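Participant: Would you mind keeping the following structure in view while I ask a few things?
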Amino acid sequence: MGILNKRRSDGILVRDIDPYAMLLPYVMRGRNESAVYYSKQIDVTPALAFLADRKEQGDYVTVFNLIIAAIKRTIELRPKLNRYIAGRRVYTHRNFEVLYVVKRSLTDTAGDSIARVVLEPSDDLSAVAHKVNDYNKELKEGMEKGDDKLMKLTSWMPRWLLRFLVSLIRVADFHGILPKFLIEMLPFYSSIWISNLGSIGADAPFHHLYEIGTTSIFMTIGKIQEQVVHTPKGDETRKFINLMFTLDERICDGFYLIRSLRMFERFMAKPNMIDRPSSDEESQKNQNHF
């Protein structure tokens with residue numbers, strides 16, 4: 001292993017890649033330089049009815065759980081979204097991992113902790129909800145993770161030492177030699193980072209991407225709002241949610257991205273489709289349909 005190493009513990013090198021896509025990381029070297037922004041207002045009225053039915057059956061699933069499950073299913077069917085740039089090369093994540101911030105309590109002085117949930121292809125909507133909700137509960141009950149301890153330790157370091165360590169991490173990450181335990185500990189390595197601002201009654205802004213780490217997608221979720229919609233049957237009050245995406249355009253082209261986001265919107269409109277198993281043939285059919 002050395003500075004010419006192409007292997008990474010958290011990713012698989014993409015070798016069959018378009019020459020233009022291979023050149024992009026050299027032209028646009030940073031994620032925020034390469035960022036594209038996409039906003040979408042989604043009618044969640046059908047989703048809320050779906051979740052209410054699940055709750056009556058004893059399966060408690062939140063809108064946040066549903067969004068995570070929908071984006072997970074989309075990425076499974078549209079795997080280019082699970083790519084990232086490291087060392088000017090394109091890699092695919094080995095897993096689907098989601099990061100998000102959990103506030104330990106709704107007070108100004110309460111601390112934050114960054115949740116990192118690894119989801120398996122076999123995880124259906126209920127499994128996603130259980131993993132996320134159980135993890136949130138543990139954090140709010142005071143569980144201290146490795147990254148929490150690391151941040152406490154580094155907060156006591158002199159500035160010169162902290163700058164040196166962060167620079168060392170950047171160099172090691174660029175060359176693919178960052179130890180696996182650090183990748184699993186540092187809160188910058190994931191398929192997607194989600195900020196659920198709706199949980200504190202706020203709307204969704206666009207968010208930057210982190211230059212360190214491997215996260216190529218950042219999603220913010222706004223609060224649920226009611227709107228009057230004009231329909232052929234008359235005015236109807238429905239519930240909407242604003243979602244804002246920031247994506248590294250180097251991982252896929254615009255055509256692929258728009259079709260993928262349309263698939264995600266479809267899953268949100270028809271949540272029962274999330275748990276539907278699909279063979280390769282059915283997956284291709286779904287992709288063409290969306």
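The values are calculated or read from the model by the stated rules, or taken from the named source; none is laboratory data. Computed from a predicted model, the values in this text were never measured in an experiment. Here the Cβ is made from the backbone with ideal geometry for all residues, glycine too, and neighbour counts use every protein chain on show.
The rows are residues; the columns are (1) more than 30 Å from ASP112 (Cα to Cα); (2) at pLDDT 95 or above; (3) not in a loop (DSSP other than H, G, I, E, B).
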site	(1), (2), (3)
ASP203	no, no, no
MET219	no, yes, yes
HIS230	yes, no, yes
PHE240	no, yes, yes
SER278	yes, no, no
ASN288	yes, no, yes
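Participant: Show me the helices (runs of 4 or more DSSP H) found entirely inside the range 129-199 where at least 2 residues are modelled with pLDDT under 90 and surrounded by 14 or more Cβ atoms within 10 Å (Cβ to Cβ).
Facilitator: Here the list reads 146-154, 180-185.
Participant: Which residues, counting only those in the range 205-228, are among the hydrophobic types (A, V, I, L, M, F, W, C) and touching a residue at least 60 places away in the same chain (Cβ under 8 Å)?
Facilitator: Of everything in the range 205-228, those that are among the hydrophobic types (A, V, I, L, M, F, W, C) and touching a residue at least 60 places away in the same chain (Cβ under 8 Å) turn out to be PHE206, LEU209, ILE217, MET219, ILE221, ILE224.
Participant: Please work out which residue is farthest from the chain's Cα centre (by Cα), limiting yourself to the range 248-275 and to residues that are charged (D, E, K, R) and surrounded by 19 or more Cβ atoms within 10 Å (Cβ to Cβ).
Facilitator: From the range 248-275, those charged (D, E, K, R) are 248-250, 253, 259, 262, 265-266, 270, 275; that's our starting set.
Then keep just the ones that are surrounded by 19 or more Cβ atoms within 10 Å (Cβ to Cβ); that gives 248, 250.
Working: ASP248: 12, ARG250: 16 Å.
Looking at residues that are charged (D, E, K, R) and surrounded by 19 or more Cβ atoms within 10 Å (Cβ to Cβ), I get ARG250.
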